[in-house]
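The values are calculated or read from the model by the stated rules, or taken from the named source; none is laboratory data. Treat the numbers as computed from the prediction; the structure is a model and nothing was measured. Here Cβ is always computed from backbone atoms with ideal geometry, including for glycine, and neighbour counts include all displayed protein chains. Protein only, heavy atoms only, side chains kept; ligands, DNA and RNA dropped before computing areas. Shrake-Rupley method; radii C 1.70, N 1.55, O 1.52, S 1.80 Å.
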Amino acid sequence: MTTDTVSSPPPRRGGRWIEHWAPEDPRFWANIGRKVATRNLWFSIFVEHVGFSVWTLWSVFVLFMGPEYHIDTAGKFFLVSTPTLVGSILRVPYTFGVARFGGRNFTVISGLLLLIPTTAAAFVLHPGTSYTTFMVVAALAGFGGGNFASSMTNINTLFPEGRKGLALGLNAGGGNLGVAVAQLIGLLIIGVSGVTHPRLLLAVYIPLVVIVSICAALFMDNLATVRNDTGAAKEAVTDPQTAIMSFLYIGTFGSFIGYSFAFGLVLQNQFHRTPLQAAAVTFIGPLLGSLIRPLGGWLSDRIGGTRVTFWNFLLMGVSTLVCIAASGTSSLALFTLGFIALFVFSGIGNGSTYKMIPAIFRAKALADIDAGADSEGAMLRARRIGGAAIGIISAVGALGGLLINLAFRQSFAVAKSGVPAFYGFLGFYVVCAAVTYAVYLRKAKAAEGAPAGAPAAYAGV
């Protein structure tokens, strides 16, 4: 690379497109890449943050829905499950939106799409609206869930391998923080105006959607090196590692988003909290889980995502046992502590599993290079396949949020308690820990000192 290449801004063509991008080159990264990538990261976080808030809105709205809405507990759990399902499905096309339209362009598009669910909710959010209408409008909030996949795919292409863990953790953590912020604003509205003015929440978010979309248009960039690659998408879908990581991500992110939507309803129905009492607690878990997510990425950059993920699932199992014990003794304080611990460990696990994804495909690229493949081409291919896998894994993982809310719905309908659901979650976390150990951790230990490309090539994951 010439001196001019590393001392001048990356070449662009119209519409803020960057033609050359080489983050693995130390000189390029130090002179140009770091500044550009960091700027794109922060504005990506802003849009994703608002997207998560919009995705979460119905978990707040149900706290406003008193007897005059004529919706029972099961109906409310089903209502908050709907955005989760739609958001999960949308994550797949959103992933490929970055390659089709460019990271900056699609961030603007995905941001402006958030005006649809927020504006629609402003028209229907009052007693007398049919449950079917609520379901349809709640489904539109799924647009906010799709943002995560496109944002993470975009950031994955901008940062070098050694810095992806922290960058992806910051991006996801800042986005996840939108859950807690929406719930905090809901708490403020309930505390000041009572439960009769849910649309005040929309008066905050509709202008925010416009503001962050404009900022993305002004300050973000597209990478010309990222192209829609159906071959990479097909390979990501058929690669068994995508399926395994999707399963693990159900346990981490699926837990985070599922518990975020369900926490307030569980407190209301199991411990008979009022809407204000529930809202005063529900934001704490998502807040801590979001803030600690970058720590999961940071730790994974240093000791490996596999180790962090394995121990994290064990700690999630312990936290679940605390919730079960607290339910048996009707201890609200202990239950709240256990539930918040679930958020914290799910946040760490979110960061560690997302660090594992690009590392897995990078390990495969290194094996190809050892076998004689072109170094630059193999690493670019790994980034493309890794980006496609991120979207697929995030989509499947988000379905865990749907499963958690449906499990709580059934548990309360049958046992009038969340305990049966917690036993199911406990079993799942144990299985996730076992899979992490068998597929990655055990092989990583066996691979110490083995050459790159050996069967246990996931030693660096």
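In table form, for the structure just shown:
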{"item": "Cα-based equivalent ellipsoid, segment 352-395: semi-axes from gyration tensor eigenvalues, Å", "result": "21, 10, 6"}
{"item": "Listed peptides 146-157, 130-141 by packing density, highest first (mean Cβ within 10 Å)", "result": "146-157, 130-141"}
{"item": "Pairs of alpha carbons in segment 25-84 whose separation is greater than 15 Å (percent)", "result": "65 percent"}
{"item": "Residue order for Lys355, Lys416, Lys443 - accessible surface, 1.4 angstrom probe, largest first", "result": "Lys416, Lys443, Lys355"}
{"item": "Where only alpha carbons of segment 323-420 are counted, the Rg and the Dmax (Å)", "result": "20.6, 63"}
{"item": "Long-range HN-HN contacts of Leu223 with modeled amide H, under 5 Å", "result": "Ile18, Gly103, Arg104"}
{"item": "Which listed pairs, of Lys35/Lys443; Lys164/Lys234; Lys35/Lys355; Lys164/Lys364; Lys234/Lys355; Lys355/Lys416, have C-alpha distances above 27 Å, in listed order", "result": "Lys35/Lys443; Lys355/Lys416"}
{"item": "Once the Cα gyration tensor of segment 256-328 is diagonalised, semi-axes √(5λ) in Å", "result": "28, 15, 7"}
{"item": "Over the chain: helical MRE at 222 nm, DSSP H runs n ≥ 4 each giving -39500 (n - 2.57), nearest 500", "result": "-27000 deg cm²/dmol"}
{"item": "Quarter of the Cα convex hull surface for the chain, i.e. its orientation-mean projected area (nm²)", "result": "20.9 nm²"}
{"item": "Phi-based couplings in Hz for segment 371-376 (Karplus 6.51, -1.76, 1.60; Gly and Pro marked x)", "result": "7, x, 6, 5, 4, 5"}
{"item": "Accessible carbon and sulfur surface of the chain relative to its total accessible area, %, 1.4 Å", "result": "68 percent"}
{"item": "Accessible solvent surface per residue of the chain, calculated while the other protein chains remain in place, 1.4 angstrom probe, Å²", "result": "37 Å²"}
{"item": "Positive-end residue, the chain charge dipole about Cα centroid, Cβ charges, pick of Ala433, Thr306, Leu184", "result": "Leu184"}
{"item": "Centre separation in Å (Cα based) which lies between segment 390-434 and segment 276-349", "result": "15 Å"}
{"item": "Cα-based shape type of segment 167-289, given that a ≥ b ≥ c are square roots of the gyration tensor eigenvalues and the cut on a/c is 1.5", "result": "oblate"}
{"item": "Accessible-area value, Ile292, 1.4 Å probe, nucleic acids and ligands omitted, Å²", "result": "40 Å²"}
{"item": "For segment 152-158, Karplus couplings with θ = phi - 60° (6.51, -1.76, 1.60), whole Hz, Gly/Pro x", "result": "5, 4, 5, 5, 4, 7, 8"}
{"item": "Segment 321-337 - phi-based ³J(HN,Hα) in whole Hz, Karplus 6.51/-1.76/1.60, Gly and Pro as x", "result": "4, 4, 5, 5, 5, 5, 5, x, 9, 6, 8, 4, 5, 5, 4, 4, 4"}
{"item": "Probe 1.4 Å, all protein chains present, accessible-area order of Arg91, Arg39, Arg409, largest first", "result": "Arg409, Arg39, Arg91"}
{"item": "Difference of contour (0.36 nm per residue) and Cα-Cα distance, Val210 to Leu115", "result": "33.4 nm"}
